[in-house]
1. Could you figure out which of (1) surrounded by fewer than 20 Cβ atoms within 10 Å (Cβ to Cβ); (2) at pLDDT 95 or above; (3) in contact with a Gly (Cβ under 6 Å, 6 or more places away or on another chain) isn't true of residue 181?
2. Being more than 22 Å from the chain's Cα centre (by Cα), of a type in the set (Ser, Thr, Tyr) and either on the phi < 0 side of the Ramachandran plot or not assigned by TED's automatic domain parsing to the domain that holds residue 213 (or both): is that true of residue 313 here?
3. Out of the residues in the stretch 303-337 that are of a type in the set (Val, Ile, Thr) and surrounded by 11 or more Cβ atoms within 10 Å (Cβ to Cβ), state the one that is farthest from residue 406 (Cα to Cα).
4. Taking the stretch 61-71 only, how many residues are surrounded by fewer than 19 Cβ atoms within 10 Å (Cβ to Cβ) and either in a loop (DSSP other than H, G, I, E, B) or on the phi > 0 side of the Ramachandran plot (or both)?
5. Being surrounded by fewer than 21 Cβ atoms within 10 Å (Cβ to Cβ), modelled with pLDDT of 95 or more and either in a loop (DSSP other than H, G, I, E, B) or at negative phi (or both) is the requirement here; does residue 58 meet it?
6. Look at residue 196 and say whether it is part of a loop (DSSP other than H, G, I, E, B) and not hydrophobic (A, V, I, L, M, F, W, C).
7. Tally up the residues in the stretch 222-259 that are within 30 Å of residue 305 (Cα to Cα) and part of a loop (DSSP other than H, G, I, E, B), please.
8. In the stretch 93-114, is there at least one residue being touching a Pro at 6+ places or on another chain (Cβ under 8 Å), outside any loop (DSSP other than H, G, I, E, B) and crowded, with 17+ Cβ neighbours inside 10 Å?
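The values are calculated or read from the model by the stated rules, or taken from the named source; none is laboratory data. None of these values were measured; they are calculated from a predicted model. Here the Cβ is made from the backbone with ideal geometry for all residues, glycine too, and neighbour counts use every protein chain on show.
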Amino acid sequence: MSTFLSQVNESFRSRAIPTLLEYVGIRSLSPAFEPEWEKVGEIERAIDLIKSWVEGAEIPGLTTRVSRLKGKTPALVVEVPGTREGLGSVLVYGHLDKQPAEGPWSNGDDPFSAVLVQDAIFGRGVADDGYSCFAAITGLEVLAKEGKDYPRVVVLIEASEESGSPDLEYHLEAIEKDLQDLRLVLCLDSGGLDFERLWVTSSLRGNLVVTIDVKVLEQGVHSGSAGGVVPSSFRILRSLLSELEEASTGKVLPEWLNSEIPSLYVDRAIELDRQLDDPLAKAFPVVAGLNLLGRSGSDRILNQTWRPALALTGIEGIPEVHSGGNVLRSHTKAKISLRIPPNVDAEEALKKLVELLESQPAEGAQVVVEVESPAQGWLALEPTDWVREALDAASMEAFSRPAGFCGEGGSIPFLATLSSKFPHAQVVATGALGPGSNHHGPDESLRIPMAVAVAGAVAHLVSNATSIEP
C-alpha cells in the first residue's frame, strides 16, 4: 500500500467509520417505501449527521448546504473550491436514502444496528450508498493535505435514489451554475465482479416498475362455493404475466423489450468469463443443485447486463400460509420490476408495457395498472486516457491490478440524464458493491478495503482532471 493510500486508509478508518456506523442506525427509507418521510424525519437525521461530519474535514474553503425544494426530498451539497482558477469542475454523486430492511438477517441481527465483522460493516444502506460521501470527502481531504492541485468539486448526496431519483433533476438544476466547465461526473453507487480490483461500470440496464391489481370480487368467498364459477384473480394475473415472460425459460417475450447486443459487449463478456471463470455462478447464495440460467459464464454475464429480466418484487391480497383458509380471494396485487437493455428507450417501453397489460382479455375482471418513473439504461463512453490512467493507478495502488470494466444489471437513472445534460464531461460509475454485498437484501455489507480503494480513486480522478485542456 502506497503512502498516499495508507493515509486514506487511516483517515477512513479513524474518522469516517464511527459516523458511518451511526448512519446505519438511521431509518432513512426512500420515499417510495416511506411516503411520510417528511413527518418521520429520518432523512433529515441522515443529512444532519453526514453534514456535520463533512464540516469537520480539513479541506480549505469547504462549505456545505442543504438544497431544499418544495415537495421534494432534500439533498446535501458540499462545495470544495479548486486550488486555482481555470481547472474546471467535478461532480461527485451519492445517495443516503435506503431500501426497506428485508429479512431475516443472520443471527437475528437488527438491519439498523451496525455490526463490524473483521473488515466488513453490516447494516442497511452502508454499501448502497451510505459510504459514498465519506469516501469522497476522505479522498479529497488527503489530496488537499498532500498539497496537490485539484479542480472545483461539488459533492451531491440525494435522498430519492431508491425511488428512481424523481427529485434529483430539480437539485441538479439548482446547482447547475456551480458546474461550469464540468470535466468529470463521478458516481459512487456501483460495483463489480469481485473485490480484487477497482471496477468501472461500462453499462447499466434500465428498469420499469409496475403494479398490477386484478380484482374479481367485492369480498372473498368460500372457494368450495365459488371455485369453478368465479375466475381466480391469481390465474388472471399469471395470464397477464405470461404475455411478458415465458414461464418455462424466464425469457422476456416482447421484441420491443429486447435489443441486439453489440459485438463489443459480447467480446467483453467472453473475456471476463475467461479471466474470472464464470464469476456470476459464484456471486449469489443459491440453494444446492440449482440450475442457473445461461448456457455459459459469458452468456450469464450478457443475461445480467444486456437481456431483459422480470422479477416479482411484492404481492398483496394473499395471506401467509398459516392463515390461508378455503377462500377464493377478492383480488391479487403484484409489483414487478422489469430490467431492460441499456439502449432501449425506457419511456417508450413503459408506454407499450401498460398498453400490453391493459389490452389483454381478463375475463371481465377489474385490472388496474400503476407505474413508477421509468429508469433509463446507460452506455458509458470509452474512457479518455487521463481517466483510464487515474483508474488504473488507484486500482494498482490498492490491489496491484489494473481497473476492470464490466456492465451492471442494475439501474442508476441519473447517469443517462447527466450524460445527455453534460455531453463533454467524462462520466465514471464505480463503487464498493460486489459479490455478497447484498444491497437491497438481508445482510447488506461494506468491505472496508473496497471503500478505501474508492476513496483513493476519487482522489486520483479529481487530481487527473486538472490535466485537461479547457
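1. All conditions are met except number (2).
2. no
3. 327
4. 5
5. Yes: the conditions hold for residue 58.
6. It is true that residue 196 is part of a loop (DSSP other than H, G, I, E, B) and not hydrophobic (A, V, I, L, M, F, W, C).
7. 12
8. Looking through the stretch 93-114, none of the residues is touching a Pro at 6+ places or on another chain (Cβ under 8 Å), outside any loop (DSSP other than H, G, I, E, B) and crowded, with 17+ Cβ neighbours inside 10 Å.
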